[in-house]
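Enquirer: Let me give you the structure first, and then I'll get to my questions.
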Amino acid sequence: MFLETEDKLRQTVWEVVHRTPIFDIHTHIYDARFGDLLLWGIDEVLTYHYLVAEVFRYDPMDQQHFYEHLDYQKFYAMPKRKQADLIWAKVFLEHSPVSEAARGVLTTLGLLGMDPRDRNLNLYREYFEAKTAEEHINTVFHVANIEGVIMTNDPFDDKERPVWESGQVGDKRFHAALRLDGLLNNWGEAHTILKSWGYNVKDKLDKTTVAEVNRFLNEWIDRMDPLYMAVSLPPTFDAFDKSDRAKLIHKCILPVSRDRHRPFAMMIGVKKLTNPGLAVAGDSVGKATIEVVERLCLENQKNKFLVTMLSRENQHELCIAARKFNNLLPFGCWWYLNDPMTIDEMTRMRLELLGLSFIPQHSDARVLDQLLYKWAHSRWLIALVLQDKYSDLHRTGWRVTETEIERDVSYLFGGAFKHFLGA
Ligand code: RAT
Ligand code: ZN
């Protein structure tokens, strides 16, 4: 039955967006078999690196003896609980928590049934202390209405690797992504590690080395069954220069990605450690070159590329590139773009240029609880944008049914990705 009034249409869009389960294609959370690698609870939520960067914004303004009082090393040397106390004091109590990352903490607490008016952090801590990781995963997935997530899985991570090697069976809601920053962004170190693991590799990417890297990739694909292979890349990324990375991409990643039917996800535009003292909070952003993406798509038409770019300035051209190449699927509002203003802008632009053929968002959650706020905030924004788009359609005289809206929203929230995988 057609939705005949605009009010009914808008209300239906709102409800459908809020009840459709999400398949979250990029996170940094883990299932319970990974033990301590799965971060959860209020102290982890508060010490999220997005908030670490913010606490240092306030300190020089408040403290006469800034460098004595709070330098980066001292901050990171403090126990996590103390770091959380400090962030709570500075970002939530001494100033109102209006930033997106700070607001997210409050949304999270509210969604877990706590009262965000409480300013006593220990009350929140008590809530988490009474939970187990498994219980909490179930609660978060249920409240956030998430059907599945993709992790970020790095074979070069010494804590993570043994879990994969042990062959334990994981939670079916958690899927793998083979993350290759270690291989592609630092071949000098990677090749010595590969060698120590018994691969017959040399610094120079000769024929044997290439074959051995491919063996490594295939073995990890067998072990993890990742839904895609991924790398984060600098704004200066050029897949056609003379670098080891470019050679590895052409000789190893693209053939394996093609043969094993695992798209290659490129996350382009991060300037690592612009401020090294801030560690994981110290990365910045730069505008990248779309021509590199276009040429990769053109010259490798049998390859599939998932692409997200970190700079706002790259978003329009990424949409245009996707109009030219159907082996390119743009995804998410990544990291510094995961803010209401940019989510709104990017989602409108993508719908206008690509219809429904993109992945509007991923959470990038590093802490389990962040699935709650990241998806609550994104759903809200996506619903507002979709209401406008369906209203525009309505004004042409076109009518839609609730079933059609459900079809469209589930395509955005997981269907487009699964279709791209060929599932
Ligand atoms: O958003 C983040 O938390 C970043 O620090 C990165 O993890 C980024 O998302 C990445 O996957 O490289
Ligand atoms: Zn990430």
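The values are calculated or read from the model by the stated rules, or taken from the named source; none is laboratory data. Only a predicted model underlies this, so the values are computations on that prediction, with no experimental measurement involved. FYI the Cβ positions are ideal-geometry reconstructions off the backbone, even for glycines, and counts take in every protein chain you see. Ligands, DNA and RNA are stripped out before the accessible areas are found, and what is left, the full protein with its side chains, is counted by its heavy atoms. Shrake-Rupley method; radii C 1.70, N 1.55, O 1.52, S 1.80 Å.
Enquirer: In square angstrom, what is the accessible area per residue of the stretch 182-289 with a 1.4 angstrom probe?
Expert: 43 Å²
Enquirer: If you don't mind, there's one more thing I want to ask. Would you be so kind as to identify all helices of the chain, as entire DSSP H runs, whose Cα atoms reach 18 Å or more along the helix's own axis and whose mean Kyte-Doolittle hydropathy is at least -0.5?
Expert: The answer, listed by residue number, is 49-62, 340-354, 370-396.
Enquirer: To continue, here is another question. Where Lys and Arg each count +1 and Asp and Glu each count -1, what net charge lies around I137 among other residues with Cβ under 9 Å from its Cβ?
Expert: Net charge in that neighbourhood comes out at -3.
Enquirer: Here's a follow-up. Looking at the chain, identify the longest residue range that excludes and avoids all chymotrypsin sites (Phe, Trp or Tyr not before Pro) in DSSP loops having at most 14 other Cβ atoms within 10 Å.
Expert: Numbers: sites that count: W197, F240, W398.
Formally, the longest exposed-site-free interval is 1-196.
Enquirer: How many percent of the accessible area of the chain is carbon or sulfur, using a 1.4 Å probe?
Expert: Answer for the chain is 52 percent, counting heavy atoms of protein chains only.
Enquirer: Which whole-number percentage describes the relative contact order of the chain, with Cα contacts under 8 Å and a sequence gap of 6 or more?
Expert: Values: 627 pairs, mean separation 98.1, N = 423.
Relative contact order here is 23 percent.
Enquirer: Of A279, A130, A84, which has the largest mean-square fluctuation in a 10 Å C-alpha GNM of the chain?
Expert: Looking only at A279, A130, A84, the largest GNM fluctuation is found for A130.
Enquirer: Okay, helix-only estimate at 222 nm for the chain: each DSSP H run of n ≥ 4 adds -39500 (n - 2.57), divide by all residues, round to 500 deg cm²/dmol; what do you get? Don't skip to the end; give the middle numbers.
Expert: Values: 21 runs with 209 residues, N = 423.
Per the formula, -14500 deg cm²/dmol.
Enquirer: Please build a GNM for the chain, connecting alpha carbons under 10 Å apart, and tell me which residue among N214, N185, N138 fluctuates the most.
Expert: With Cα springs under 10 Å in the chain, the top fluctuation among N214, N185, N138 is at N138.
Enquirer: Could you do me a favour and compute the accessible area per residue for the stretch 45-151, 1.4 Å probe, result in Å²? Intermediate values should be presented prior to the final figure.
Expert: Numbers: 5540 Å² over 107 residues.
Computed with neighbouring chains in place, this is 52 Å² per residue.
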